[in-house]
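Here's the structure we're looking at; comments come further down.
The values are calculated or read from the model by the stated rules, or taken from the named source; none is laboratory data. Because the structure is predicted, anything quoted here is derived from the model rather than measured. Counting neighbours? That spans all protein chains shown, and the Cβs are built from the backbone with ideal geometry, glycine included. Please note that ligands, DNA and RNA were not included when accessible areas were found on the heavy atoms of the full protein model with its side chains. Shrake-Rupley method; radii C 1.70, N 1.55, O 1.52, S 1.80 Å.
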Amino acid sequence: MKNVKGFVFDAYGTLFDVYAVTALCEQLFPGKGPALAQLWRVKQLQYAMMRSLMGRYRDFWQLTEDGLVYACQSLGLELTGDRRARLLEAYLTLAAFPDVRPGLEALRKRGVRLAILSNGEPKMLEAAAHSAGIAGLLDRVISVEEVKIFKPSPRVYGLAPERLGLGSAELGFVSSNSWDVAGAASSGLRALWIQRSVAEPPEELGFGAERVVHAITDLPPLLGS
């Protein structure tokens, strides 16, 4: 990948650990924390894809709240105004995975451009990047808000080369979500999959990753010496 001049990263699940909210979920709903965090994430993604198909866009902050409300109702949990506010606030300060900052710093030293391309709403992404201490390492934070449709729409992936001024062959798209990798590859980007769980198989969508890595720190060596 010696001709790669930039990397674009998915945010949630790739840079930021969406299950970092589990501890707060457990604190507020003892014995139900893991179930709530998992169902919340499932509905968040499901609503994004459903609304894209329906042509009824709502930004990711609203979908995150909608997913939380559904998950609590499904599990029979009382979501008071205070609990709702605390859980949503946690999404603005999600912890980054341990490999994120050192990996991005190493890529910066190699002179490549770095950006986020995410379903997230701009203020959500900016807050999370600042909280994780990586905002200064990024050239751009690109949100689907610009096109008002969610991944894996080709319109979303097309934003990456446009905003960074690079050709598709010069740009690597990195995600821990295999379906996201397939969407990027289908759209002509050089897709790399961070397989954070070695037991997870790739999606059967006909568009695989050019490379499979297990951490962002695995990326710099791919650029050669």
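The share of accessible area on the chain that comes from carbon and sulfur is 52 percent, using a 1.4 angstrom probe. Pairs exceeding a 20 Å alpha-carbon distance, out of LYS2/LYS151; LYS5/LYS109; LYS109/LYS151; LYS5/LYS148; LYS2/LYS109: LYS2/LYS151; LYS109/LYS151; LYS5/LYS148.
Taken per residue, the accessible surface of the range 16-86 reaches 52 Å², heavy atoms only and a 1.4 Å probe.
Where both partners of a DSSP beta bridge lie in the chain, what percent of those bridges are antiparallel, to the nearest 5? DSSP beta bridges in the chain are roughly 5 percent antiparallel. Over the residues of the chain, the helix contribution to mean residue ellipticity at 222 nm works out to -12500 deg cm²/dmol, using -39500 (n - 2.57) for each DSSP H run of at least 4. The alpha carbons of the range 91-225 stretch over 37, 36, 31 Å along the principal axes, in descending order. Just to verify a number: FRET efficiency for VAL69 and ASN3, C-beta to C-beta distance, R0 = 45 Å, to 0.05? After rounding to 0.05, the efficiency reads 0.45. Applying the Karplus relation 6.51 cos²θ - 1.76 cosθ + 1.60 with θ = phi - 60° to the range 203-208 yields 3J(HN,Hα) values of 5, 8, 10, x, 9, x Hz, where x marks Gly and Pro. The range 126-153 and the range 84-98 have Cα centres lying 15 Å from one another. Helix 60-75 and the longest principal axis of the Cα set of the chain meet at an angle near 40°.
In this simple spin-label approximation, GLU78 and ASP218 carry label points 7 Å from Cα along the Cα→Cβ vector, and these lie 4.7 nm apart. Compactness of the chain is given as radius of gyration and Dmax, 17.2, 56 Å, from Cα positions. Phi angles across the range 13-28 convert, under the Karplus curve 6.51 cos²θ - 1.76 cosθ + 1.60 with θ = phi - 60°, into 3J(HN,Hα) values of x, 9, 8, 10, 7, 5, 8, 5, 6, 4, 4, 5, 4, 5, 5, 7 Hz, Gly and Pro given as x. Considering the dipole of the chain built from charges on the beta carbon (Lys and Arg +1, Asp and Glu -1) around the Cα centre, which of PRO202, VAL21, GLY158 is farthest to its positive end? Result: GLY158, furthest along the dipole toward the positive end. The HN-Hα couplings worked out from phi for the range 112-129 by the Karplus form 6.51 cos²θ - 1.76 cosθ + 1.60 (θ = phi - 60°) are 8, 7, 10, 8, 9, 10, 9, 5, x, 6, x, 5, 4, 5, 5, 5, 5, 5 Hz, whole numbers, x standing for Gly and Pro. For GLY6, the residues whose amide H sits under 5 Å from its own are ARG113, GLY172, ignoring neighbours fewer than 5 places away on the same chain, with H placed 1.01 Å from N. On a per residue basis, the range 142-184 carries 30 Å² of accessible surface, using protein heavy atoms and a 1.4 Å probe. Would you mind classifying the range 23-110 by shape? Square roots of the alpha carbon gyration tensor eigenvalues, ordered a ≥ b ≥ c; an a/c under 1.5 is rounded, otherwise it is prolate if a/b is larger than b/c and oblate if not. Verdict is oblate for the range 23-110.
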